[in-house]
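The values are calculated or read from the model by the stated rules, or taken from the named source; none is laboratory data. Treat the numbers as computed from the prediction; the structure is a model and nothing was measured. Because the Cβ atoms are built from the backbone with ideal geometry, glycine has one as well, and the counts that use them run over all protein chains shown. SASA here: full protein model, heavy atoms, side chains in, ligands and nucleic acids out. Shrake-Rupley method; radii C 1.70, N 1.55, O 1.52, S 1.80 Å.
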Amino acid sequence: MLQWMRKHVLWRITALLLLLLLLGYLTSLPLSVEHATFSSPRLPEGWSGGRIALLTDLHGRQFGENNRQLAEALRQAAPDLIAIGGDLTDDSHSPELVAPLLEQLVQIAPTYYVSGNHEWAAGHMPALRQLFERLGIHDLGNRFALLERGGDSIVLTGVEDPNGYADQKSPAEVAADLYAQQGDPFWILLAHRNNQYDTYGTLGADLILTGHAHGGLIRLPFTDGLIGTGGEFFPRWTDGFYSDYPSPMFVSRGLGNSVPIPRLFNPPQLAILTLQRTEES
């Protein structure tokens, strides 16, 4: 009996160690650079073949010293612009931690930023905006920018996270400003929260870029993730393209994490989107 109990305990310890090793492997998966294509007949010819690198939800994570692995992946992707979709930092990671990465990004391509919920909650926005001004990163909080390529222009518009100032412009007001000043351009909306798709998807953007979902944290077959960032089960709109509303949305799974739940079967993602012009059908 005693020998049986020892074997039983040993088996449990071995199983636990194997499980811990598996969890350690799955939660430390290397950076995944993933390519996708967005096609539209409204895209100006000069922007056909243009590349956007979407970087979201870093949460202070480091990919090599000073994030050199992440920066090198971006250099190899050769994007025309880098779009940061919020949550660079959180209450566990200071703005100074991401400064070396930001310094590298602006040397690779023009870099644009919108805020996430965690930067506001941690009180980091003033310090981050000082960094942006010093380094030449474009803060698109409720603003838009004209992007030139091949003699043509498109518009990148950003909306501030709802955790921002109470009196900030609404997304509808930001879109109205865009139309009043630019007519009816091809435009991309950069925002943090995927779960605001019901609002963003009716503003008229040709494409929406978001993060926030972290891929549903744990990804299981035939699901859109198991646990949402708000603690809900089986969240919606967590990875890739969606077309539930007039404007299509692309959601990045992001790079880091802000909760103790491991990102199982969900490697950190750097998304590279190639824009492609198509003919009118």
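Considering only region 85-98, state which residues are among the hydrophobic types (A, V, I, L, M, F, W, C) and either in contact with a Leu (Cβ under 6 Å, 6 or more places away or on another chain) or open to solvent by less than 10 Å² (accessible area, probe 1.4 Å) (or both). So that I can check it myself, show each step before the final result.
Filtering region 85-98 down to residues among the hydrophobic types (A, V, I, L, M, F, W, C) leaves 88, 97-98.
Residues satisfying the conditions are Leu88, Val98.
Return yes when Ala191 is buried (at least 17 other Cβ atoms within 10 Å of the Cβ), closer than 22 Å to Pro260 by Cα and hydrophobic (A, V, I, L, M, F, W, C) and no when it is not.
Considered against the rule, which asks whether it is buried (at least 17 other Cβ atoms within 10 Å of the Cβ), closer than 22 Å to Pro260 by Cα and hydrophobic (A, V, I, L, M, F, W, C), Ala191 comes out as no.
Taking the condition part of a helix (DSSP H, G or I), of a type outside the set (Phe, Trp, Tyr) and at pLDDT 95 or above, does Glu173 pass? Spell out the reasoning first.
Details: part of a helix (DSSP H, G or I): yes; of a type outside the set (Phe, Trp, Tyr): yes; at pLDDT 95 or above: yes.
Yes.
Consider Ala166 against the criteria (1) modelled with pLDDT under 95; (2) open to solvent by less than 40 Å² (accessible area, probe 1.4 Å): it satisfies all of them except one. Which criterion is unmet?
Ala166 satisfies all of (1) modelled with pLDDT under 95; (2) open to solvent by less than 40 Å² (accessible area, probe 1.4 Å) except (2).
Looking at this structure, is Asp244 modelled with pLDDT under 95 and over 20 Å from Thr157 (Cα atoms)?
Spelling it out, it is not the case that Asp244 is modelled with pLDDT under 95 and over 20 Å from Thr157 (Cα atoms).
Taking into account only those residues within region 103-131 that are in a helix (DSSP H, G or I) and free of Cβ contacts under 8 Å to residues at least 24 places away in the same chain, which is nearest to Asp167 (Cα to Cα)?
Here the answer is Pro126.
Out of curiosity, is Gly204 part of a loop (DSSP other than H, G, I, E, B) and more than 30 Å from Asn67 (Cβ to Cβ)?
Spelling it out, Gly204 is indeed part of a loop (DSSP other than H, G, I, E, B) and more than 30 Å from Asn67 (Cβ to Cβ).
Every residue in region 64-84 that is more than 27 Å from Gly49 (Cβ to Cβ) and open to solvent by less than 10 Å² (accessible area, probe 1.4 Å), please.
Hit for region 64-84 is Asn67, nothing else.
Do the conditions hold for Ser153, that is, is it in contact (Cβ under 8 Å) with a residue 40 or more places away in the chain and surrounded by fewer than 21 Cβ atoms within 10 Å (Cβ to Cβ)?
Answer is yes for this residue.
List pairs: first residue in region 48-60 and open to solvent by 10 Å² or more (accessible area, probe 1.4 Å), second residue among the hydroxyl-bearing types (Ser, Thr, Tyr) anywhere in the structure, Cβ distance under 7 angstrom, at least six positions apart or on different chains.
From region 48-60, the pairs are Gly49/Thr274; Arg51/Thr274.
Restricting to region 194-212, name every residue that is of a type outside the set (Ser, Thr, Tyr) and surrounded by 21 or more Cβ atoms within 10 Å (Cβ to Cβ). Steps first, please.
As a first pass, look at region 194-212 and keep what is of a type outside the set (Ser, Thr, Tyr): 194-196, 198, 201, 203-209, 211-212.
Result: Asn194, Leu203, Ala205, Leu207, Ile208, Leu209, Gly211, His212.
Could you pull out every one of the strands (runs of 3 or more DSSP E) wholly within region 213-281 that has 1 or more residues that are surrounded by fewer than 17 Cβ atoms within 10 Å (Cβ to Cβ) and touching a strand residue (DSSP E or B) at 6+ places or on another chain (Cβ under 6 Å)?
By residue number, 240-242, 269-277.
Among residues belonging to region 128-150 that are among the basic types (Lys, Arg) and under 22 Å from the mean Cα position of the chain (by Cα), point out the one that is least open to solvent (accessible area, probe 1.4 Å).
Arg129
Given Gly64, Gly141, which one is out of contact with any Lys or Arg (no Cβ under 6 Å at 6 or more places or on another chain) and more than 30 Å from Pro30 (Cβ to Cβ)?
On inspection, the qualifying residue turns out to be Gly141.
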